[in-house]
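Novice: Structure below; questions to follow.
A short reminder: the numbers here are calculations on the coordinates, not readings from a lab. Remember, predicted model here, so these are calculated numbers, not experimental data. Cβ: placed from backbone, ideal geometry, glycine included. Neighbour counts: every protein chain shown.
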């Protein structure tokens with residue numbers, strides 16, 4: 001069992017979060033604009049945290065970010081990079097602009113937090129079925145950490 005944080009349980013994120021729970025991981029989520037998917041994933045077994053700071057006490061193995069765009073991802077990254085420790089692997093499935101993932105990685109790198117970019121292909125149905133495609137961008141070292149993490 002892994003401890004996983006998730007920011008962005010919404011249109012795409014709900015299905016991904018549901019699959020994290022399905023594989024018997026402990027999932028911690030934070031509310032965003034729309035409470036409906038948060039309430040749904042909590043009823044599926046996730047635990048809601050009330051602030052980014054609350055993630056610091058959850059001993060996270062990984063943190064998923066599935067937010068709308070680069071400016072939002074960078075804003076959130078600035079906040080959570082101050083509360084996570086270096087053993088937490090960031091898995092960023094945000095759809096970034098052309099330099100967004102590099103800019104976001106710099107934020108985490110400054111705090112010695114490992115970062116993997118993994119935009120996904122598919123939609124909410126595929127997310128819930130657990131059959132999304134992904135393109136992984138990471139250093140060799142961070143890729144190995146992601147492989148070892150194996151959420152299945």
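Novice: Only residues that are farther than 23 Å from residue 118 by Cα and surrounded by 15 or more Cβ atoms within 10 Å (Cβ to Cβ): list them for region 13-44, please.
Specialist: Within region 13-44, just 42 meets the criteria.
Novice: Among the residues of region 104-126, write down those that are more than 14 Å from the chain's Cα centre (by Cα) and part of a loop (DSSP other than H, G, I, E, B).
Specialist: The answer is 110, 111, 112, 122, 123.
Novice: Next question. Does residue 70 fit the bill of being surrounded by 14 or more Cβ atoms within 10 Å (Cβ to Cβ) and without any contact (Cβ under 8 Å) to a residue 40 or more places away in the chain?
Specialist: Yes; evaluated as a whole, the condition is true for this residue.
Novice: Here is a follow-up. Can you name the condition, by its number, that residue 76 falls short on among (1) out of contact with any strand residue (DSSP E or B) (no Cβ under 7 Å at 6 or more places or on another chain); (2) touching a residue at least 12 places away in the same chain (Cβ under 8 Å)?
Specialist: Of the numbered conditions (1) out of contact with any strand residue (DSSP E or B) (no Cβ under 7 Å at 6 or more places or on another chain); (2) touching a residue at least 12 places away in the same chain (Cβ under 8 Å), the odd one out for residue 76 is (1).
Novice: If you don't mind, another one. Which ones in region 127-152 are surrounded by 13 or more Cβ atoms within 10 Å (Cβ to Cβ), assigned to a helix (DSSP H, G or I) and in contact with a strand residue (DSSP E or B) (Cβ under 8 Å, 6 or more places away or on another chain)?
Specialist: Within region 127-152, 127, 142, 143, 145, 146, 149 meet the criteria.
Novice: Going through region 56-67 one residue at a time, which ones are crowded, with 19+ Cβ neighbours inside 10 Å and not in a loop (DSSP other than H, G, I, E, B)?
Specialist: Of everything in region 56-67, those that are crowded, with 19+ Cβ neighbours inside 10 Å and not in a loop (DSSP other than H, G, I, E, B) turn out to be 62, 63, 64, 65.
Novice: Which of the residues that make up region 73-100 are within 15 Å of residue 8 (Cβ to Cβ) and surrounded by fewer than 17 Cβ atoms within 10 Å (Cβ to Cβ)?
Specialist: Scanning region 73-100 gives 75, 79, 95.
Residues are listed down the side, and each one gets a yes or a no for (1) in a helix (DSSP H, G or I); (2) within 21 Å of residue 146 (Cα to Cα); (3) without any contact (Cβ under 8 Å) to a residue 60 or more places away in the chain:
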| residue | (1), (2), (3) |
| --- | --- |
| 42 | yes, no, yes |
| 54 | yes, no, yes |
| 83 | no, yes, yes |
| 87 | no, yes, yes |
| 102 | yes, yes, yes |
